[in-house]
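Only one structure is covered here, and it is reproduced in the block below.
The values are calculated or read from the model by the stated rules, or taken from the named source; none is laboratory data. Nothing here was measured: the structure is a model prediction, and the numbers come from that model. Glycine also receives a Cβ, built like all others from the backbone with ideal geometry; neighbour counts cover every protein chain displayed. Quick note on the areas: whole protein, heavy atoms, side chains included, nothing else; ligands and nucleic acids left out. Shrake-Rupley method; radii C 1.70, N 1.55, O 1.52, S 1.80 Å.
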Amino acid sequence: MKQALALLMAIGAAFFALNATLGYAKTYAIAYGMITVMAVMISGTFYWLWRRRATPLALGMSFSWAGAASVLGWWWLYQVLHQPAFMMKHAGLFAFLALYCAGAVMHVIVMHRSMGLNAWLVILPGAAGFAGVLAVVHAM
């Protein structure tokens, strides 16, 4: 735990130092570029674990991290390319979001099966979350 907290503090300090020297925009671009690359690496690691049949959760995690990497990469490119018009409302982003969501659903299904829970106990929180999101968007 101490090592994890030390790592968190060191990375946080590095970001604050970058912000102080390079400014917010460049630090933002560096940070989003880094987390995009790391998400790709994590997705690849989970894919490798799935191929080795190390854990049934691995494919869902691989999909989720690949979706996260794709969405983060989209936002990163959007900023680095100075918000190009073709990316502003491009439906291609939804394919990445679908990958992200499919991975989350796969992960929850495996957890449900491994814990022997009733399927409704797994579906209801997701459905409630979706209903909440719809309510917030509808109120906008």
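Restricting attention to segment 52-61, does a residue exist that is modelled with pLDDT under 95, open to solvent by less than 90 Å² (accessible area, probe 1.4 Å), polar (S, T, N, Q) and over 30 Å from Tyr24 (Cβ atoms)?
Taking every residue of segment 52-61 in turn, at least one turns out to be modelled with pLDDT under 95, open to solvent by less than 90 Å² (accessible area, probe 1.4 Å), polar (S, T, N, Q) and over 30 Å from Tyr24 (Cβ atoms).
As an exercise: evaluate Thr21 against (1) buried (at least 18 other Cβ atoms within 10 Å of the Cβ); (2) at pLDDT 95 or above; (3) not hydrophobic (A, V, I, L, M, F, W, C) and give the number of the one condition it does not meet.
Of (1) buried (at least 18 other Cβ atoms within 10 Å of the Cβ); (2) at pLDDT 95 or above; (3) not hydrophobic (A, V, I, L, M, F, W, C), only one is false for Thr21: (1).
Mind checking which residues of segment 95-129 are open to solvent by 60 Å² or more (accessible area, probe 1.4 Å) and more than 16 Å from Ser64 (Cβ to Cβ)?
Once the filter is applied, which keeps residues that are open to solvent by 60 Å² or more (accessible area, probe 1.4 Å) and more than 16 Å from Ser64 (Cβ to Cβ), segment 95-129 yields Arg113, Ser114, Met115, Gly116, Leu117, Asn118, Trp120, Leu121, Ile123, Leu124, Pro125, Ala128.
Residues Tyr28, Tyr47: which one is of a type outside the set (Val, Ile, Thr) and out of contact with any Ser or Thr (no Cβ under 7 Å at 6 or more places or on another chain)?
After applying the criteria, what remains is Tyr28.
Has segment 30-38 got at least one residue that is open to solvent by less than 60 Å² (accessible area, probe 1.4 Å) and closer than 18 Å to His107 by Cβ?
No.
Does any residue of segment 20-42 turn out to be free of Cβ contacts under 8 Å to residues at least 24 places away in the same chain, of a type in the set (Lys, Arg) and at positive phi?
no
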